[in-house]
Amino acid sequence: MSARWPVASASPLAALIQDYDWADEVLHARIGRDWLVPQVGSQNAALELGDKAWARTAEDWTTWREKGLTEHRNWWPEVYRKACESWGVDPDANLIPYSKTYEGTRADQKRLSY
């Protein structure tokens, strides 16, 4: 998700949600630097470990979904509508249909043509 679209939408609510999500991701990165890097020895070792873990996850995520271990559903419209409702504002019709599938964003799921 581009960090620019909420601000470009002129929706203060969408920008706030994006800010909150971004701050959460920054916290995850900080936790990784503070806890994981010292455990594995270096930033490069941590990145390599993360790449291996992500590769294993990406290989088998459809099996996890089929077993009911994850939904991989588009949660955005529900969260956005509930936030608008609680703030007493009308949802922006241009923001509700936002949907990128996991399959659509994974490089290993895209066919490259040369």
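Numbers at a glance
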quantity: Potential extension, D21-A58 segment - 0.36 nm per residue separation minus Cα distance; calculated: 11.1 nm
quantity: Residue list for region 29-58, given a label point 7 angstrom along the Cα-to-Cβ vector of K67 and an amide N cut-off under 18 Å; calculated: 53-58
quantity: Extension reserve of the L36-N94 stretch, reckoned as 0.36 nm per residue once the Cα distance is removed; calculated: 16.9 nm
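Every number here is computed from the coordinates shown, using simple stated rules; none is lab data. Predicted, not measured: the structure shown is a model, and the values here were computed from it. Glycine gets a Cβ as well: all are built from the backbone with ideal geometry, and neighbour counts include every protein chain shown.
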